[in-house]
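Take a look at the structure below.
The values are calculated or read from the model by the stated rules, or taken from the named source; none is laboratory data. Everything numeric in this text was worked out from a predicted model, so none of it was measured. Methodologically, a virtual Cβ is constructed for each residue, glycine included, from the backbone with ideal geometry; neighbour enumeration extends over all protein chains shown. For accessibility, only protein heavy atoms count, side chains too; no ligands or nucleic acids. Shrake-Rupley method; radii C 1.70, N 1.55, O 1.52, S 1.80 Å.
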Amino acid sequence: SPLLLSKLTRLCSQGQKESARAMVQKAIRLTFGLLPFAGMAAGAATEVVKLIYGQSFLPAGQILAILIFAAIGVSMIVVSSVALIAADRPELTFYLILPIVTSAFGAHFVLVPRFGSIGAATVTTGLSWLGACGCMFAVYKLWGVRLPVLTSVRSITICMFAYFLASWWQTPGLLLLLKLPVISMFIIITITMLGEFRKDEVAFVRSIFDWRSRMNPNHRKFK
C-alpha cells in the first residue's frame, strides 16, 4: 500500500487522472483476486494448524478458516483507503470504519457468549467485508471505479473449487508443503485461462515491485 500510494500521489500531482484511475482499478481487481488463495488456506486450515502448532491446537483450524477471509476484506479496505487518500479525501476512511469498529463491540457481546471463538471470528470477518464494501463504494463515487462483475464471479468460483480441493486432498505432515504450491499453481493457471490477467496488469505488478527503478531511476543508463 505505501508503494501504491506513492504512485497514485505522483500521478495525481502530475494531472494524470486517467492513469491513476486505471491503477486504482487494477489494484482493487488484483487484491480481490487473492480470494481463491484464501479459499485454499481455509480448506487446508486444520492441516496448517496441525503442522505448525501440533495436534492439541486442531480446534484453531476452524478459526483460521474464517479469519483468512477477514484478511482479504482488510486488504480491500487498505487498498480502497489508499485510493481515498490519493483523492485527497482521507477523512472518508475514518467515517466509514468508525461505525464498523463501534458495532464490533455489540456484535461480539451478543455472539461470543453463544458461539465462543467461532462467533468472534465470524464477527471480525463479516465486519471486515462490510467495511470493505463501504470503502469500495466511496472509491466508486470518487474515482468512478468498481470491481468488475466478471472478476467477482471468477474469483468466487475459483475460491470454492480451491476450498473443496484443499479440504478433499488430505496430506500428512510436511507433504502439506507440496500440496499448497500445487493448488496455488492450479489457481494461477485457471485464472489465466479464464482471461483475468492482461499484459498491462502484469506490467503494473512488476512496476510496483521494481525496487531498482525506485531507488535509481537512471540505473538503465549504466547497463
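Within segment 89-101, residues that are farther than 16 Å from residue 127 by Cβ and open to solvent by less than 80 Å² (accessible area, probe 1.4 Å) sit with their Cβ atoms under 6 Å from residues that are of a type outside the set (Gly, Ala, Ser) and part of a helix (DSSP H, G or I), at 6+ positions apart or across chains, in these pairs: 92/84. The number of residues in segment 2-55 that are within 14 Å of residue 86 (Cα to Cα) and of a type in the set (Lys, Arg) comes to 4. Checking 217, 181 one by one, the residue that is at negative phi, of a type outside the set (Gly, Ala, Ser) and at pLDDT below 90 is 217 and no other. In this structure, does residue 57 turn out to be out of contact with any helix residue (DSSP H, G or I) (no Cβ under 8 Å at 6 or more places or on another chain) and surrounded by fewer than 20 Cβ atoms within 10 Å (Cβ to Cβ)? No, not satisfied.
Taken over segment 129-151, the criterion of being open to solvent by less than 40 Å² (accessible area, probe 1.4 Å) and in a helix (DSSP H, G or I) is satisfied by 131, 132, 134, 135, 136, 138, 139, 143, 151.
No other residue among 106, 126 is within 23 Å of residue 164 (Cα to Cα), open to solvent by less than 50 Å² (accessible area, probe 1.4 Å), of a type in the set (Gly, Ala, Ser) and part of a helix (DSSP H, G or I) apart from 126.
Report yes if some residue within segment 137-147 is farther than 17 Å from residue 82 by Cα and of a type in the set (D, E, K, R); otherwise report no. No. Scan segment 7-45 residue by residue and report those that are open to solvent by 70 Å² or more (accessible area, probe 1.4 Å) and free of Cβ contacts under 8 Å to residues at least 40 places away in the same chain. 10, 13, 14, 16, 17, 18, listed by residue number. Do we have any residue at all in segment 104-123 that's under 24 Å from residue 29 (Cβ atoms) and β-branched (Val, Ile, Thr)? The answer is no, given that none of the residues of segment 104-123 is under 24 Å from residue 29 (Cβ atoms) and β-branched (Val, Ile, Thr). Would you confirm whether any residue within segment 170-183 is within 21 Å of the chain's Cα centre (by Cα) and closer than 20 Å to residue 73 by Cβ? Looking through segment 170-183, none of the residues is within 21 Å of the chain's Cα centre (by Cα) and closer than 20 Å to residue 73 by Cβ. Taking the conditions exactly as written (hydroxyl-bearing (Ser, Thr, Tyr), closer than 30 Å to residue 138 by Cβ and over 17 Å from the mean Cα position of the chain (by Cα)), does residue 56 satisfy them or not? For residue 56, the condition - hydroxyl-bearing (Ser, Thr, Tyr), closer than 30 Å to residue 138 by Cβ and over 17 Å from the mean Cα position of the chain (by Cα) - is not met.
Considering 75, 56, 80, the condition of being at pLDDT below 90, of a type outside the set (A, V, I, L, M, F, W, C) and assigned to a helix (DSSP H, G or I) is satisfied by 56 alone.
Only one entry in 47, 18 is out of contact with any helix residue (DSSP H, G or I) (no Cβ under 7 Å at 6 or more places or on another chain), of a type in the set (D, E, K, R) and assigned to a helix (DSSP H, G or I), namely 18. Somewhere in segment 152-163, is a residue closer than 30 Å to residue 50 by Cα, among the β-branched types (Val, Ile, Thr), open to solvent by 20 Å² or more (accessible area, probe 1.4 Å) and free of Cβ contacts under 8 Å to residues at least 60 places away in the same chain? Among the residues of segment 152-163, at least one is closer than 30 Å to residue 50 by Cα, among the β-branched types (Val, Ile, Thr), open to solvent by 20 Å² or more (accessible area, probe 1.4 Å) and free of Cβ contacts under 8 Å to residues at least 60 places away in the same chain, which makes the answer yes.
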